[in-house]
Amino acid sequence: MDTNQYLDLFLDESREHLQNMNAKLLELENNPGDTAIVNEIFRSAHTLKGMSATMGYESMADLTHKLENVLDAIRHGERAVNEAIMDALFASVERLESMTEAIANGAGDTKPAEDLIELLLKVSESSVQRSEAQSGPNPEEQNDMSDYNTYEMNVIGESLSQGYSVFKIAVTLSESCLLKAARAYMVYQIAEQSGDIIKSEPSIEKLEEGAFDTQFVFTLITKEPLDDIKEKILKVSEIDRVDIEPVTVKKDSKPEDEKSGKAPIRKANAHSSGQSIRVNLKRIDTLMNLFEELVIEKGRLEGLAKQFKDAELTDITEDIARTTQALQDVILNLRMVPIEQVFNRFPTMVRNVSKELNKRIRLNMEGKETELDRTVIDEIGDPLVHLLRNSMDHGIETPEKRKKLGKPEEGTIDLKAYHSGNHVYIEIKDDGAGINREKVLNKAIKNGLINESDREHLSDQEVYQLLFRTGFSTADVISDISGRGVGLDVVKSKIESLSGEVFVESEENKGTTFTIRLPLTLSIITALFVQMGDEHYAIPLANILETAMVKEDDIMNVHEKEVLAFRDSVIPFIRLADAFAVPGERPSGKFIPTVIIRHGSKHAALAVDRLIGQSEIVIKPLGRYLGDVEGFSGATILGDGRVALIIDAQAFIH
């Protein structure tokens, strides 16, 4: 049986266990005497070791085994938790995470771990000596073979459903056997020719060392009959007996974590009591693509209903529209993922960077259950890393400086996510030094980004936006954390590529808040359709402030550019027909249909021939032949089958 079919399950389970270990290590650092926390970390490490060994990832299994030894020594009181041990544990989990991602990318667990294995041996000398001095298997590991972890139970259940048999095989060697390791090796060779071994007690490593009494037990997945397997094993000399019993997964079977009374690592949503299944993301993407085609066909049907003005057709169209809306809600929810999986990587990062900067920083997280589209979740991690590192380096002061300013020596960063309307907001707020307006202005003038005359009339928000310019940095010292002019410009470009915005609020010596606003989904949006000549265009409703009928006399010329007075400011006035070179005569009249668009704090007025109305649209990329056409973010298909380009508000404002 090919174990590759279980790779996705292995990766999901491994990530969950590593995530749990990271979270519990942070708790252990604050509560070093709490053995319950150690036991939970040990259980995750033990399960991870068994999973990686079963899948054949020996480097990962070896590192996890050494990590397990350290945890075992701690929970038995042989080693006390100290900074050196915590650093070694965190480093090991970080390496295991990189191994897991390497496996996911097809590289296998080839990342070297000898340095960490040596470090773990060093901080756990007593536990290693105890382990090596044992003449038999560790009582903690000599557990009941019916107690399989979640991963092993899933493998067994899947195998049974595919027609395989699962046997627990206990082999007892004769008391006079001198080469126990060799006999065990021969038995395992026979077993592996018949199927796949998913669990061994004691471990393969101890069997090879001969570190067991006269019996070893393993679980085998096979299609061969029980009697044939037993006959083959008994042909090996110096074996007294072979006991084989079938393994079945009962309906009331529970993973190891549940039997111990501990909460399972995988938690259902608080409002959900139903069962859940894993679904490959590609299947959800396929479902989404089919639904997008349905939305397009719905638009065509609505167009026909308006054209023929048939009452029965109109009723059917309205029913389909309601059903489609309900279906859209369900499908979009399938793609929604809690932002928790992004947030959970940050406490360890903050801990490591704090030590590097010799600062004391506490990270508070709120709203981890807030959900975002999977495509946004996959992209938002790096921008948040940049903002957090910026807050730690530029924002939070050293303990000595904070003490002089009358602040607590420990700085605080609040990471918060929440829904509001059709958007998700993420805030990174620190209680540090804040942004020095004059320092930013001086650096911007020095770099030629603005003129000296701009110093007085720039608003605070406009000054803060200078921080997002490419290559701009206020760091006095270049370090691995910041100061190379790389970071906030990457944040801005990445957020904007996700159709989002980033805002800054700051008060000197009080702190800084970065706020990111993101759409719930990127594939289906509501847009306003406008017309120029015979062409239709779509403007995302999220970028529209208002529509207006502008008098021709209200349009002014400044430096040979048309502008419009709008709410105590002057904004660019852009005639889209001219910008897109749309052929044909423009409609005559005193009033011009105009759309006021916004991006961040900036605005522009777009003049069109006619306002048509708003509708839900499916965003389609322009394709590799057109590439990134300036002024457009994509295209959509109209109800009559024609293609309408989607106007990029950001491009016009820039």
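Of note:
- Of all residues in segment 597-617 being modelled with pLDDT of 90 or more and under 30 Å from E505 (Cβ atoms), the one that is surrounded by the most Cβ atoms within 10 Å (Cβ to Cβ): I597
- Only residues that are assigned to a helix (DSSP H, G or I), under 26 Å from I197 (Cα atoms) and touching a residue at least 24 places away in the same chain (Cβ under 8 Å) were counted across segment 50-79, and they come to 18.
- Residue in segment 409-452 that is farthest from the chain's Cα centre (by Cα), counting only those that are among the hydroxyl-bearing types (S, T, Y) and modelled with pLDDT of 85 or more: T412
- Within segment 618-654, considering residues that are assigned to a strand (DSSP E or B) and within 30 Å of E505 (Cα to Cα), the one modelled with the highest pLDDT: I647
- Residues in segment 286-318 that are under 23 Å from K620 (Cα atoms), of a type in the set (V, I, T) and touching a helix residue (DSSP H, G or I) at 6+ places or on another chain (Cβ under 9 Å): 1 in all.
- Within this structure, D2 fails the test of being modelled with pLDDT under 85 and under 22 Å from the mean Cα position of the chain (by Cα).
Condition check ((1) touching a His at 6+ places or on another chain (Cβ under 8 Å); (2) within 30 Å of T219 (Cβ to Cβ)) across all residues:
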{"residue": "K49", "(1), (2)": "yes, yes"}
{"residue": "S52", "(1), (2)": "no, yes"}
{"residue": "H65", "(1), (2)": "no, yes"}
{"residue": "A84", "(1), (2)": "no, no"}
{"residue": "E101", "(1), (2)": "no, yes"}
{"residue": "D109", "(1), (2)": "no, yes"}
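- Pairs with Cβ under 9 Å, 6+ apart, first in segment 80-96 and in the same structural domain as S52 (by TED's automatic domain parsing) and surrounded by fewer than 22 Cβ atoms within 10 Å (Cβ to Cβ), second assigned to a helix (DSSP H, G or I) and polar (S, T, N, Q): F90/N22; F90/T348; F90/N352; E94/N22; E94/T348; E94/N352
- Helices (runs of 4 or more DSSP H) wholly inside segment 146-251 that include at least 2 residues being at pLDDT below 85: 150-161, 180-194, 204-209
- Enumeration of residues in segment 418-462 that are closer than 30 Å to K359 by Cβ, in a helix (DSSP H, G or I) and among the polar types (S, T, N, Q): N442, Q461
- Output for segment 29-46, where each listed residue is within 27 Å of the chain's Cα centre (by Cα) and either among the acidic types (D, E) or under 18 Å from S98 (Cα atoms) (or both): E29, E40, S44, A45
- The residue of segment 299-335 that is farthest from G641 (Cα to Cα), among those that are surrounded by 11 or more Cβ atoms within 10 Å (Cβ to Cβ) and of a type in the set (K, R), is R335.
The values are calculated or read from the model by the stated rules, or taken from the named source; none is laboratory data. Not measured: the values here are computed from a predicted model. As a convention, Cβ positions derive from the backbone with ideal geometry for all residues, glycine included, and neighbour counts pool all protein chains shown.
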